[in-house]
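Novice: After the C-alpha cells below, expect a handful of questions from me.
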Amino acid sequence: MTTRPKISFDSANIWKRLETCELVARAHGWHPNDIIQFTDEVRDAFSYEEANAIIEREFDIV
C-alpha cells in the first residue's frame with residue numbers, strides 16, 4: 001500500500017488548494033497523466049465539498 005502525500009493548505013479557496021496539490025503531486029513523482037486526471041476530476045466536481053473529498057482521497061491533509 002502506498003501512502004498518500006501529506007499536504008497542508010493556507011487557503012480555503014479550492015483553486016489555490018488544487019494548485020498546491022499539483023505541486024505536491026509533481027514533487028512526489030506522480031506521472032503527468034495522473035496529475036491531469038486528478039485536476040480534471042477536481043475541476044469537474046459538483047460542489048466544494050465534493051472537490052475536497054477528491055483531494056482528501058489522494059492526499060493526507062495535515
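Novice: Give me a count of the residues in region 16-62 that are within 11 Å of the chain's Cα centre (by Cα), at pLDDT 95 or above and not charged (D, E, K, R).
Specialist: 18
Novice: So Asn13 passes all but one of these: (1) open to solvent by 70 Å² or more (accessible area, probe 1.4 Å); (2) free of Cβ contacts under 8 Å to residues at least 12 places away in the same chain. Which condition number does it fail?
Specialist: Of the numbered conditions (1) open to solvent by 70 Å² or more (accessible area, probe 1.4 Å); (2) free of Cβ contacts under 8 Å to residues at least 12 places away in the same chain, the odd one out for Asn13 is (1).
Novice: Can you confirm whether Glu41 is in contact with a helix residue (DSSP H, G or I) (Cβ under 6 Å, 6 or more places away or on another chain), part of a helix (DSSP H, G or I) and not hydrophobic (A, V, I, L, M, F, W, C)?
Specialist: Answer is yes for this residue.
Novice: Restricting to region 34-62, name every residue that is open to solvent by 60 Å² or more (accessible area, probe 1.4 Å) and hydroxyl-bearing (Ser, Thr, Tyr).
Specialist: Matches in region 34-62: Tyr48 only.
Novice: Further question on the same structure: Within region 12-38, can you find the residues that are closer than 13 Å to Ile61 by Cβ and out of contact with any helix residue (DSSP H, G or I) (no Cβ under 7 Å at 6 or more places or on another chain)?
Specialist: Residues satisfying the conditions are Ala12, Thr20, Val24.
Novice: Given the structure, is Thr20 touching a strand residue (DSSP E or B) at 6+ places or on another chain (Cβ under 9 Å) and part of a helix (DSSP H, G or I)?
Specialist: Details: touching a strand residue (DSSP E or B) at 6+ places or on another chain (Cβ under 9 Å): yes; part of a helix (DSSP H, G or I): yes.
Judged against the criteria, Thr20 is a match.
The values are calculated or read from the model by the stated rules, or taken from the named source; none is laboratory data. This one's a predicted model, so the numbers in the text were calculated from it and none came from an experiment. Heads up, the Cβs are rebuilt from the backbone with ideal geometry, glycines too, and the neighbour counts pull from every protein chain shown. Just so you know, the surface numbers come from the protein's heavy atoms only, side chains and all, with ligands and any DNA or RNA stripped out. Shrake-Rupley method; radii C 1.70, N 1.55, O 1.52, S 1.80 Å.
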